[in-house]
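The values are calculated or read from the model by the stated rules, or taken from the named source; none is laboratory data. Just so it is clear, the model here is predicted, and its values are computed rather than measured. Positions of Cβ are generated from backbone atoms using ideal geometry, with glycine treated the same way; all protein chains shown enter the neighbour counts. Only protein heavy atoms, including side chains, enter the accessible area calculation; ligands, DNA and RNA are left aside. Shrake-Rupley method; radii C 1.70, N 1.55, O 1.52, S 1.80 Å.
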Amino acid sequence: MPHVEANGLRFHVQVLKPADAGGSVDGGGDAAPRPKVVMLHGLVIDNLSSWYYTIAPAVAMHADVYLIDLRGHGRTDMPATGYTVEDNVDDLVALLDQWGIHEPVHLFGNSFGGVVSLALAHRHPERVASLFLVEAHFAVEGWGEHMAGSLALAAFGLDETAVQDWLAENADPPIAWLGEIACPTYAMYGSESDILDRARELEAKVSSCELEIVPDCSHSLLTEQSALVRERALAWIQRVG
């Protein structure tokens with residue numbers, strides 16, 4: 001089972017790319033190298049399998065796809081502390097360095113994975129080619145408290161001190177730096193999502209954002225409409241990759 005040591009932790013990862021892929025998107029000639037896509041999953045009950053069993057294999061026909069179990073999830077190490085957004089961003093930077101990926105990557109973020117994707121695009125814009133977001137969370141008033149409660153209720157392996165650390169470091173007011181994100185961004189939300197307000201704020205503040213509201217879908221858009229998300233993802237990579 002593939003593991004990578006990064007930022008002091010052992011991460012479970014999966015890398016998808018056809019064994020016979022040449023150096024180009026269409027598999028032939030001397031065109032540019034294939035784009036690199038990194039997919040980040042949601043919080044607590046999620047892991048890389050949510051991408052693996054929905055759209056990752058199809059995207060891997062057009063790009064090299066890197067899947068990660070975030071810290072504390074799946075088969076990645078579960079440290080007692082260190083679950084802030086900044087910790088996850090540092091993990092991702094360390095993993096990219098371990099893989100030898102220094103060119104900009106296309107970040108796919110589902111739910112909490114969208115939080116990390118947006119934060120990386122803000123902190124390290126030179127490392128992000130584009131964002132493809134599905135039901136992306138980001139900090140609004142009370143968000144840190146809500147997430148801390150989710151971690152505690154899910155028996156995430158955190159003691160009370162760790163939960164309070166999360167609350168202290170993630171209880172941010174509405175983030176003011178969304179407008180600084182300049183990379184191409186595509187965002188999908190369900191019309192019945194409980195975070196639909198994030199969709200409108202993202203569209204309003206990120207000048208490059210294209211927003212799609214999918215009818216009759218909830219926050220579980222990735223699994224409820226896998227075929228549609230896959231179709232949009234493939235079109236996106238062909239456009240920006």
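Centre-to-centre separation between the Cα atoms of region 37-82 and those of region 203-235: 18 Å. Amide H contacts of Thr76 (H built 1.01 Å from N, in plane; Pro and chain starts excluded): His12 sit under 5 Å, all sequence-distant by 5 or more or on other chains. With r as the distance between the Cβ atoms of Ala227 and Ala176 and R0 = 30 Å, compute the FRET efficiency 1/(1 + (r/R0)^6) and round to 0.05. It comes to 0.25. Here Arg10 sits with roughly 100 square angstrom of accessible surface, probe radius 1.4 Å. Remark on region 180-241: Rg and Dmax equal 11.9, 32 Å (Cα only). The slack between Arg123 and Tyr53, meaning 0.36 nm per residue of separation minus the straight C-alpha distance, is 22.2 nm. Available extension along the chain between Glu212 and Arg75 is 46.0 nm, counting 0.36 nm per residue and deducting the alpha carbon span.
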